[in-house]
Amino acid sequence: MLVHPIRQEPVAAVRQISGALARTIVCAIEEGQIVQRGQRIGMIKLGSTTELYLPSNSVTQVRVEVGQKVKAGTTVLAQLNTSQED
């Protein structure tokens, strides 16, 4: 679970799922560690999957479609509500 450092509210959750054959996940952070926007948190290799969960009240527009290939650090996945300032 990713939590806002000031408001202590959940902002997202990331789940890494290993593939049936390769089962290769590299996690570069530990539980409780503070991460910055855009920071690499790990790598999924050889058929494994990453799932991103966002609170429904924070998403104003989903920017990707089912089956679309995305690239880490480049593809915008969703437009978030920014009405609350940091």
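The values are calculated or read from the model by the stated rules, or taken from the named source; none is laboratory data. This one's a predicted model, so the numbers in the text were calculated from it and none came from an experiment. Cβ placement follows ideal geometry from the backbone for every residue including glycine, while neighbour counts extend to all protein chains displayed. Each accessible area value is taken on the protein alone, full model and side chains, heavy atoms only, with ligands, DNA and RNA left out. Shrake-Rupley method; radii C 1.70, N 1.55, O 1.52, S 1.80 Å.
The dipole here belongs to the chain: it is taken about the Cα centre, uses +1 on the Cβ of Lys and Arg and -1 on the Cβ of Asp and Glu, and is about 420 debye. Each of residue 57 and residue 16 was given a label point 7 Å from its Cα along the Cα-to-Cβ line. The distance between the two points is 3.1 nm. Across the chain, the relative contact order, built from alpha-carbon pairs under 8 Å that are at least six residues apart, equals 26 percent. Solvent exposure of the stretch 1-66 amounts to 83 Å² per residue of accessible area, where only protein heavy atoms count and the probe is 1.4 Å. Close amide H pairs (under 5 Å, H built 1.01 Å from N) link residue 19 with 24, 48, 49, residues at least 5 positions away or on another chain. Backbone geometry of the stretch 26-43 corresponds, through the Karplus equation with coefficients 6.51, -1.76 and 1.60 at θ = phi - 60°, to 3J(HN,Hα) couplings of 10, 10, 9, 10, 10, 4, x, 6, 7, 10, 9, 4, x, 6, 6, 10, x, 9 Hz, x marking Gly and Pro. Computing Rg and the Kirkwood Rh from the Cα coordinates of the chain gives a ratio, Rg/Rh, of 0.97. Here's the picture: charge each Lys and Arg Cβ at +1 and each Asp and Glu Cβ at -1 in the chain, and of 59, 81, 39 the one pushed furthest to the positive end of that dipole is 39.
Summing charges over all other residues whose Cβ lies under 15 Å from the Cβ of residue 77, with Lys and Arg as +1 and Asp and Glu as -1, gives +3.
Amide hydrogen proximity for residue 78: with H placed 1.01 Å from N in the peptide plane, the residues at 5 or more positions away or on another chain lying under 5 Å are 63. Of the solvent-accessible surface of the chain, computed with a 1.4 Å probe over protein heavy atoms with every protein chain present, carbon and sulfur atoms account for 52 percent.
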